[in-house]
Each structure stands twice: as C-alpha cells, then as structure tokens.
1. Determine the total buried accessible area between chain B and chain A, counting protein heavy atoms only with a 1.4 Å probe; round to the nearest 100 Å².
2. In segment B:30-92, which trypsin sites (Lys or Arg not before Pro) are in a loop and have at most 12 other Cβ atoms within 10 Å, using DSSP for the loop call?
3. Accessible area per residue of the protein assembly as shown at 1.4 Å probe, in Å²?
4. Can you tell me which of A:228, A:254, A:57 moves the most in a GNM of chain A? Springs connect C-alpha atoms under 10 Å apart.
5. Using Cα centres only, tell me the gap between segment A:82-103 and segment B:139-176 in whole Å.
6. Residue B:98 label points, 7 Å along Cα→Cβ, one per copy: pairwise distances from this copy to the rest in nm, shortest first?
7. Check each residue of segment B:27-47 and keep those whose accessible area, probe 1.4 Å, is at least 30 Å² smaller with all protein chains in place than in the chain alone; give them in order of residue number.
8. Counting helices only, and only those DSSP H runs with n ≥ 4, report the 222 nm mean residue ellipticity of chain A as the sum of -39,500 (n - 2.57) divided by its residues, in deg cm²/dmol to the nearest 500.
There are 2 protein chains.
Amino acid sequence: MSNFDLESWLRTRRAEIDALLAARIAVVPTDADPGRLVEAMRYSLLAPGKRLRPLLVLAAAEALGREPDEPLRLAAAAVEMVHCYSLIHDDLPAMDDDDLRRGQPTSHKVFGEAIAILAGDALLTLAFEWLAEAGAGALAATGDPLVAQRHLRAVAALAKGAGMSGMVRGQARDLGEPQPESLQAVEGLAAEKTGALFRAALEVGAVLAGAGPAQEEALVRFGKHYGVAFQHVDDLADEDHVTTQTEARQRLHVLTQTALDALSLFDRHAEPLRALARRLVDG
Amino acid sequence: MSNFDLESWLRTRRAEIDALLAARIAVVPTDADPGRLVEAMRYSLLAPGKRLRPLLVLAAAEALGREPDEPLRLAAAAVEMVHCYSLIHDDLPAMDDDDLRRGQPTSHKVFGEAIAILAGDALLTLAFEWLAEAGAGALAATGDPLVAQRHLRAVAALAKGAGMSGMVRGQARDLGEPQPESLQAVEGLAAEKTGALFRAALEVGAVLAGAGPAQEEALVRFGKHYGVAFQHVDDLADEDHVTTQTEARQRLHVLTQTALDALSLFDRHAEPLRALARRLVDG
C-alpha cells in the first residue's frame, strides 16, 4: 500500500489552480465590462468545482517527474476553462435547459442567454490564449526551443479533445439520438462527451512534461479509461444509469483497473494519478 | 500607379482557400454525423463569402515576401473559421435573431439552435487545431525550431483578437449598450467587434512570415485602420449608419489613407494589401 496522501495533494494543487483562475481573470468594474461579460466568465469559472481536469494535467506531468510551475498551472487552468465553457453552453435553454449548476443558478439565468453564449465563447478562446502564453513563459524560462513545439502539440491535443471529433461531437450525439441503452452505447457516448476532454488533459500534461512516445501512449490510455469510469461514477450517483447498477459497478472496477495497469511503467511519481483512479472505486 | 491585378490575385487566392476549407472538413455520411454537426459546420463555412480575413493573412505574409504554402493557407483558413463561428452565434435568436445570412437561411433555422451553437463551438475550436497543425507542418518542412514559436504566437494573436478583449467584447458591448451615436463611439465599437479580428489576421500573417518588430507593428497598424474603415463601408452599404453619410465617407478616406501610410516601409510585395485598402474607397 502506498502512503501517498491524496487529500493533501488535492487540497494544495486545487488551491493553486483556484488562485490562478481568480487572479488571471481579474474583477472588472461593471461600467468597464460591457454586458457584464467578464463578470459572467468569473461567475461560472470561480464557482466551487473539483478541478479534476486541471489536476489530471498536473498529475500526468508529475508522473514524469515534473513539478508544477506557473506555465504548467496556466496550461492546466486552460483545460478547466474548456470544461467550464462546455457546462455554460450545455445548460442553455436550447441544449439541456438547466436552471442550476454546482448549486447556483446557471449562467443564462443570471446574465441572460446572449451573455451566457458569449461567456462560453470567451472562455474557450481564452483557454488557447493561456496555452500559448504558457508556452511563451516556459520558453522564456528555459530557452529551450523544444518547449514551443510541446505547447503547440498541447494546443492540438486540447482542440482535438474539445472539438468536432471529441467533446462537441459527444454533445451533438447526446442531443440528436435516443438515450443509449446498451452498456456499449453508454460507454461510447461517455468516451466522447466526457472522456475526450479527460484524455486531452492527460495528453496535455504528458506532452508538456516531455513524455516519450510510450509514456505518452500510457498516460493517454489511462485518461481514456479513467474518463469512462468517471462517467459511470457520475451516472451511478445520479441514479440515471440506463444499464443496471450492478453492471455499471462491474465496469467501473474493470475500467479503473485497466487505467491503473496503464501506469505500470511509472514509478512513485505516478501516485497522484493512481490515487485518483482508486478513488473512483472507493468513492 | 501600380499595375497590380487585384481581381486576379483575389480569384486565385480565394479559390485556394475555398478548396482547402471544402477538402479539410470532409463530407460525413448523415448516419455518422450525430445531430448533423459536420453538415452544419460545412453549411456555414462553405457558403459563398469574400474570405477577406484569410486573404489579409496571406497578403500580410506576401508583404514580407512569403508566398503561400499549405501551412500558411491552413493558418489563414483558421482565421476564416473564427469569423464564421462568430456569424453563427451572432445570428442566434438570443443574439441578433437573424433568419438570413449570405442569402441563405441561418444555421439555427436549418439545424436548430442547439446544433448551431455547437457548430460555432466546433469551428472556433478547430481554428486552433488547424493553427497548431500548420505549425507542425511548417516545422516538418523547415526543421527550424523558430517556426513552432511563431505559430504559438499566432495562436495567441488569434485568441486575443477573437476573445474577451476583442471580438467577443465588441459583441457583448453591442448587445448591452444603446446604439452608439457619436462617430467616436461608432468607431470604438467597430474596432472591437470587427476590427480586432482584422488586426489579428494581419498579425497572424506577419508573425508567421517572420516579421521584425517594426514590420509587425506596421502591419498591425494597417489592420487596425483597415478594420474600422471596412466597418464604415459596411454601414454605408446598409444605410444604417447613425452618423451622417458625409462624415462616414470622410472618415473612410482618412482611415484608408492612414492604413496605406502604415505600409510605407514595404516594397511592391505589399501591393495586394495596398490594393485591398484602395478598394474600400473605390468600391
């Protein structure tokens, strides 16, 4: 058994991410904030959240021995912004039409639909600005031209996970098709709608920490299985799982073990990732 | 007088951009296209358009002697995708609520609001994926590590122009404030809502072609004035200009001349940019 203290790790890292988000999107006086756009961005982004995706970026980098610095945290925060934008747009009346998110009224309920759409657009756009800024910062700190190339690959990984072949495709599928019934269909949808951004988080962390091909492949494989397992946990908590609870619990165990197996080539530095995966099962 | 043939230049370059867009977002059979997401992306992106923003990317690069190759065209197309996403979201019922765009029904009229929102999201996301891909392609072609850094700067420039300090801010302001009345207020809004993406187009072209600081500054200055002049032309054509027509025409001439003045340090390679600016006045 490992004596790695996940709760302490989560607390520290989450506080760093939260501090960065709050500081980087500064409060703007209302009269200098047309339509309360920035206020709407802050409202959704700074709502209490688990910050799971940026934590996975940091944990993937840590598996390769890379401690978080400012550019890496900025890249991690970029992944959280993509997640946050997707929640705002998902909650819109034309989409899931939700009134509550994380225990508070949804963005369009507070700021109106137009600003909710624009706040989502702005967060998505800012994510890529921050990834580029992280690259410029890391390049200035290291002078290593490889750093720019890595950040460019991170841009590609995040865009791919978030876009028409990943998360957005999953959202479109979720709207357009009847509720999936088979376990395979449930997991296929989860792999796109939720899993693609988890995979991207692992890939961003891996790429920025300079993973070799085998390491990168292993971390992405972890992310792929972790993402679908996470969706099972989410569905089980909501009790809206269309497959049987027993079947979903079994799959959760299998997927978590497969995710853990993907980490066999890493040493103790991968403990945060391992502990995050174990927690899916232990609750 | 220059004997540069703008119409021929536009025809050639526009055909290349159109071909790239059509080929890169390939037709997907409906049963493999959940919610008709890709069909919606193609519908808006391939509607006949002037392709002004990608042409400005290419013209800026050409001012520095850089002929368009596949990675540069891909980066130029990325700027067009950002423009296209903004039109789809701008037309939504919660925003401008428009039924027609470029002579055809708007995206939400054809595909529904949810898919229109997601198609916009996907185009914005894909723009950054393409910029990253352009960087990878250019890096493979040249082996020059500086190339990755330039593309990372292009990501930052496009995100900045498109986002919360640029285009999206302008859209939020357009929604939240009364119609501007003074010339200064009209131009202030135009600088954000329209101008910021024009500036970004020039900056992307300049950065990718390896502009020095003075060259980059000059090209961005051109874009800034060109963008506001363009908005005057647009408003004059719509006859919805709140300032007097005479005043707007005068400003159009001044802004165009200021844009042309910014190009004084460039040789004949800047003829496409100069001709594009002159055309604003000559119609």
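1. So the buried area, both faces added, is about 3900 Å².
2. Values: sites: B:36, B:42, B:50, B:51, B:66, B:73; in loops: B:50, B:51, B:66.
Here the sparse-neighbourhood loop sites are B:50.
3. On the way: 22220 Å² over 566 residues.
With the other protein chains kept in place, the protein assembly as shown gives 39 Å² per residue.
4. Taking springs between Cα atoms under 10 Å, the residue moving most is A:254.
5. Using only Cα atoms to place each centre, the spacing works out to 26 Å.
6. Those separations, rounded to one decimal, come out as 3.1 nm.
7. Buried by 30 Å² or more upon assembly, which counts only protein chains, are B:34, B:37.
8. About -23000 deg cm²/dmol.
The values are calculated or read from the model by the stated rules, or taken from the named source; none is laboratory data. All of these numbers come straight from a predicted model, not from anything done at the bench. Quick reminder, even Gly has a Cβ in these numbers, built from the backbone with ideal geometry, and neighbours come from all protein chains shown. Side chains included, ligands, DNA and RNA excluded: accessible areas come from the protein's heavy atoms. Shrake-Rupley method; radii C 1.70, N 1.55, O 1.52, S 1.80 Å.
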